Amino acid sequence: MTRLWNDPADFADEMIDGFVAANERHVRRVPGGVVRSSASPAREVAVVIGGGSGHYPAFGGLVGPGLAHGAAMGNLFASPSAQQIHAVAQAADNGGGVFFSYGNYAGDVLNFDAAQERLRADGIACETVTVTDDISSAPATERHRRRGIAGDLTVFRIAAAAAEAGYDLDEVTRVAARANERTRSIGVAFTGCTLPGAAQPLFTVPTGRMAIGLGIHGEPGIDEAGIPTADGLAELLVSRVLAEIPEGVATAGARIVPILNGLGSLKYEELFVVYRRVANLLRAAGLEIIDPHVGEYCTSFDMAGGSLTLFWLDDELETLWQTPVETPAYRRGTIAPRERGEAAAAVAEAAVAEAAEIAPGDDASHAAARTVLAAVRTVAATIDAHVEELGRLDAIAGDGDHGIGMQRGSHAALDAAVTAVASGAGAATTLEHAADAWSDKAGGTSGALWGVILSALAAQLGDQGAPAASSIAAGVAAGSAGVTAYGKAVVGDKTLVDALVPFSTTLSEELAGGSGFVDAWLTAAEAATRAAAATADLLPRMGRARTHGAHSLGTPDPGAVSLALIVTAVGTLLAAEKTSEDAKKENAHG
C-alpha cells in the first residue's frame, strides 16, 4: 500500500514539486508538468509525452537530452487536461513543431487531441502517435484499440532520437509509428495497487493466483492462473509475446530489445531471476538480444507485477536506439553538458498566468449567475456524498478514479464560480469559468467531457438578461451533441452518453409539450436515472472498461450514474428555489 501522503488530493502536485526539486539539473517546472532544463537546438522537433501520475519514471522521469523535451503530468491515474498539455507543449516548442506520444487511453486521447487542435490554431505544427503495445487489450486485427503499457519507452525513445538527429516532424512521426508497430508487450500482477489515502487496492488477486493481461492503471487482468515459478513466468511471458510477430519480421536472426519491467513492488533481484530464463528462451528462438532492459520503466504505484516488452529492430531503428540519453531516471551512453534553457518556459508560464478578464453581467444575468453558483455548489456536495461509491463502480472494470476525478473537477469548478460571481460575472461567464476549471483540474475522460457539457450550456446562457428555459434546453442539447462528437460514444456504449442523451431529449420534449421548466428538468432527471441504471445490462464498447466487458455486466456505468446524480440534485435545488420564489410572490400579493 501507499503509506506517505499529506492530503491525497494534493499528492500529484506535491510529488511533481519534489521531483523537480530533486532533479533541477534535468527538468524545470512549468504549468501542467515539466520540460527540459537544458536548451534544445532551434527548429528541433519537440517530443512531448504524458499521462497520469503514479507511473514513475513515466512520464516526467523520461525528460532530458536524447529523450522527451517535455511531459504533461496529470493527476493520479488520470490523463492531463488539454490546458496542461497545451502549456507544456508551448514551453517545449523549439520552432520545429511538436510531436505527441502517450498510451492509448480514452482520457489521454481526448485531451491530447484537444491540445493538438489548440496548438495548430496557434500556428504550431503538431502530430501524434499513440502507443498500442499491449497485446492482451485487443486482438491483432484491432491493434489501434490496444492500450499502451511499458512499450511507451520504445516509441518515446525512437521519436526523441529522430528529433535529435534532425528529422522533421513528418519523419519523426513516421519512424515513431514504425517503432510502435514493432513493439509488443504483456503484463501480469500478483496484487493490485492502492492510491494514496485509499483504504483498499483498486483490484485484488486471490491469494496464490496471478492476473494476466492487466493494465497500468489498476485495470483487472483478463485472465487468471496460479502463481508460477520464476522460470514458469518467463515461459508464459515469452510464449505470449512471441505468438504475435510484427508484420514483415522474420524471426530467425531478428534483433530485439527486451524490456522486463517491474510494476512497483517486485524487487530487482526477482526480475533478474526471471530475465535469466527470458534471455535463454529468446536466444533459443533464434533471436539476437540487443541492449536488454531490466528494471522499472512504467510502474503502477505499489502493484506487485511485471511486464515483458519486445521491440523488434531494423537498421534505422537500431541506429536511433543507440542515441545517448540522460534523464532523471533513464541514462544510456554519454551526453555532453548543455546550456540551460529559460525563454520558452518563461513565455509559457506568463501565458498561463495571464488571467482571463471577467466581463460583468447585467443585474438579471448576475442573479442567474448566483443560481449557477448554487447549482455548482450542489454538484460538488453531491459528488462528495457519493465519491466512494463512484470509485467502487469504476474499479470493477476500470481504474477506480472516477469519484476522485469528479470530486477534483467539481470543487475546482466551485472555486472558479465563486470568484466569477464575486467579480460581478453574468451566468455565461460564471459557468464558462467553472467549465474550464473542471476540465483542467479533473483531467481524464470525465474532466474533458464535463468541460464540453458545461461550456456548451454556458454559451446559451448569455451575460445579459435572464436565460430562457428554451436556451437552457438548447445548451444541454449542444452539450450532448458535443460529447458525442468529442468522445465518439453513442447510446449503448455504456458511457455517460447513455444518461445524457435521454436527459437532453426528455427536457426538450417536456418543454415543447408545455411543461414548466422545473417540472421538465425533474422529469428529464428521472429519465437519466432510469437510463443510468439500465447500463448495468450493457457491455462496454468505449473507454478502459471495453477490454474487461464481462467484468462490468451487472454494474452500471459510473459516468452515467454520476450524471444522473448531478441532474437529480440540481433539479431538487431548482424546485426548492421555485417554491421559495413562489412563496415570496404570494406573500407580496397577500
**Fill in**
Relative contact order as a percentage, segment 1-107, C-alpha pairs under 8 Å and 6+ apart, gives 30
**Message:** Give me the percent relative contact order of the chain, please, defined on Cα pairs under 8 angstrom at least 6 residues apart.
**Reply:** 13
**Calculated FRET value between A39 and H144, using beta carbons and R₀ = 35 Å, to 0.05** = 0.45
**Request:** Towards the positive end of the charge dipole of the chain, with charges on Cβ (+1 Lys, Arg; -1 Asp, Glu), say which of F77, T323, V483 has the farthest Cα.
**Result:** T323
**Request:** For segment 19-97 and segment 556-590, compute the distance between their C-alpha centroids and round to whole Å.
**Result:** 44
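By per-residue mean of other Cβ atoms within 10 Å, what is the highest-first order of 408-421, 252-265?
Highest mean packing first, the order is 408-421, 252-265.
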**Item:** Förster radius 35 Å - calculated FRET efficiency between K488 and E577, Cβ distance, rounded to 0.05
**Value:** 0.45
**Asked** Can you give the angle from 0 to 90° between the axis of helix 427-442 and the longest principal axis of the chain, with both taken from C-alpha atoms, to the nearest 10?
**Response** 20
**Request:** Could you list Y56, Y486, Y105 in order of exposure, starting from the residue whose Cβ has the fewest other Cβ atoms within 10 Å?
**Result:** Y486, Y56, Y105
**Asked** Sequence-distant or interchain residues sharing an amide H contact under 5 Å with T299, placed H: which?
**Response** Y56, A58
**Prompt:** Where a ≥ b ≥ c are the square roots of the eigenvalues of the C-alpha gyration tensor, would you call segment 1-156 rounded, which needs a/c under 1.5, or, failing that, prolate if a/b is larger than b/c, or oblate?
**Reply:** oblate
**Request:** Rank-order 509-519, 444-454 by packing density, defined as the average count of other C-beta atoms within 10 Å over each peptide's residues, highest first.
**Result:** 444-454, 509-519
**Prompt:** Within a Cβ distance under 13 Å of R331, other residues only, what is the Lys/Arg minus Asp/Glu net charge?
**Reply:** +1
**Message:** Could you tell me the calculated FRET efficiency between E14 and Q322, based on Cβ-Cβ distance and R0 = 41 angstrom, to the nearest 0.05?
**Reply:** 0.65
**Complete:** Taking Cα atoms only, helix 152-164 is inclined relative to the longest principal axis of the chain by an angle, in degrees rounded to 10, of 80
**Fill in**
Loop-resident trypsin sites (Lys or Arg not before Pro) in segment 488-542 with no more than 15 other Cβ atoms inside 10 Å, DSSP not H/G/I/E/B, are K488, R541
**Prompt:** In debye to the nearest 20, how big a dipole does segment 358-589 give about its Cα centre with +1 on each Lys and Arg Cβ and -1 on each Asp and Glu Cβ?
**Reply:** 380
**Asked** Once the Cα atoms of helix 230-242 and of the chain are each reduced to a long axis, what angle between those two axes, in degrees from 0 to 90 to the nearest 10, is obtained?
**Response** 80
**Complete:** The local net charge around T229, scoring Lys/Arg +1 and Asp/Glu -1 for residues other than T229 whose Cβ lies under 11 Å from its Cβ, equals -1
**Asked** Length gain on complete extension for the stretch A284 to D231, per 0.36 nm per residue less the alpha carbon to alpha carbon distance?
**Response** 17.6 nm
**Request:** Excluding residues fewer than 8 places away in the same chain, name every one of the lysines whose C-alpha is closer than 26 Å to that of K488.
**Result:** K441
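With Cβ to Cβ distances under 14 Å as the rule, what net charge do the other residues near L507 carry (K, R +1; D, E -1)?
Net of charged neighbours comes to -4.
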**Item:** For segment 153-224 and segment 469-520, distance of Cα centres in Å
**Value:** 36
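Every read-out reported here was derived from the displayed coordinates using simple, explicitly stated rules and does not represent laboratory data. Predicted model only: the values in this text are computed from it and were never measured. Quick reminder, even Gly has a Cβ in these numbers, built from the backbone with ideal geometry, and neighbours come from all protein chains shown.
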